[in-house]
1. How large is the dipole of the range 111-258 about the Cα centre if only Lys and Arg carry +1 and Asp and Glu carry -1, each at its Cβ, rounded to the nearest 20 debye?
2. Grab the DSSP H runs of the chain that are 4 residues or longer, score each as -39,500 (n - 2.57), total them, divide by all residues and round the 222 nm result to the nearest 500 deg cm²/dmol.
3. For percent of Cα pairs over 29 Å apart, several values are listed as [x] 33; [y] 30; [z] 49; flag the one computed from this structure.
4. Placing +1 on the Cβ of each Lys and Arg and -1 on the Cβ of each Asp and Glu in the range 2-127, which of L94, F114, V79 has its Cα farthest towards the positive end of the resulting dipole?
5. Give me a comma-separated list of calculated 3J(HN,Hα) values for the range 170-177, in order, Karplus coefficients 6.51, -1.76, 1.60 applied at θ = phi - 60°, integers in Hz, x for any Gly or Pro.
6. Rounded if a/c is under 1.5, else prolate if a/b beats b/c, else oblate: with a ≥ b ≥ c from the C-alpha gyration tensor eigenvalues square-rooted, which is the range 50-172?
7. So how strong a dipole does the range 1-143 carry about its Cα centre when Lys and Arg Cβ are +1 and Asp and Glu Cβ are -1, to the nearest 20 debye?
8. For a quick protection proxy, order the peptides 192-205, 120-133 by their average other-Cβ count within 10 Å, most packed first.
Amino acid sequence: VTKAAGGVGAIAQLANQPDKSYLFEWNGGVSFAFLIGLSLSGALKLIVDPRQLSRFYALKDDREARRGIWIAIVGLMLVQLSIFPIGIYSHFLLQGVTDTDLIVPTLLNEPNVFPVWATDFLTVAIVAAAMSSMDSVLLVAASTSFKNLISPLRSTQAELTWTRALVVGIAALAAILALRPPGDIVEITIFSGSLYAVCFLPAVVLGLHWQRGNSLAVMASMLLGTLVLIAWMMSGLRNQLHEVFPALVVSITAYVVISLYQQPLPAPRAP
């Protein structure tokens, strides 16, 4: 992609084009505050994502955790440095593309950018990466739904059957929603990152480092944080301030206030 766009030095040419100069401004395209919120929501999602937490708990000891920190930092840097420039290079390679979801598929089908064998390889790699993420999401969603929605209401020994049925049902629902998505991939990813942050950050971070938390505080922080998140988006204020900031403040405040007004949980017994 870099070669097809004319090399790294070609990026400087965009600054001299009147219709592209906004790419080099702090508030070009979107406000800087919105951009910070976008980055924050994505970072917080990586911290509190249940799939990531399960991997953190699987680490053997502190040494493995420290090694994992550096592996994650280096890995994320390599991934971001490989992906983000594609958005800049697409201004040289594509004309008239207004849907950001079409940038990568369009580039893959450009013979001047990728040879046929590379297009096939990258297409398979993208599908494989998506499938590796979807299977873990479906398993977590199905097992959690059974434990928290079905198991409390009825006693059943067919846990595996229920979980399999939930996997199929959730996958079918996702497929139906994908036919008429509520937004593009970037918008949906931003919303999911913000939702993860306001729902799980107080419970995970404060729950680990503060003994006053309880289930009522967790539920209140999730509910109020989600309501503020959606209300802020619908009010049109996200262009001035990303919705993750007010929603996170409300979520954390609700967790702390309700925890302070409740009796603290008994200290865990030493093994």
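1. Values: 6 positive and 6 negative charges, 89 e Å.
Here the size comes out at about 420 debye.
2. Values: 11 runs with 177 residues, N = 271.
Value at 222 nm, helices only, nearest 500: -21500 deg cm²/dmol.
3. [z]
4. It is V79, whose Cα lies furthest towards the positive end.
5. 5, 5, 5, 4, 5, 5, 5, 5
6. Cα axes put the range 50-172 in the oblate bin.
7. Using only the charged Cβ atoms, the result is roughly 460 debye.
8. 192-205, 120-133
Taken together, the values in this text are just the output of simple stated rules run on the coordinates, not laboratory data. Please read all numbers here as calculations on a predicted model, not as lab measurements. Virtual Cβ from ideal backbone geometry, glycine too; neighbours counted across all protein chains shown.
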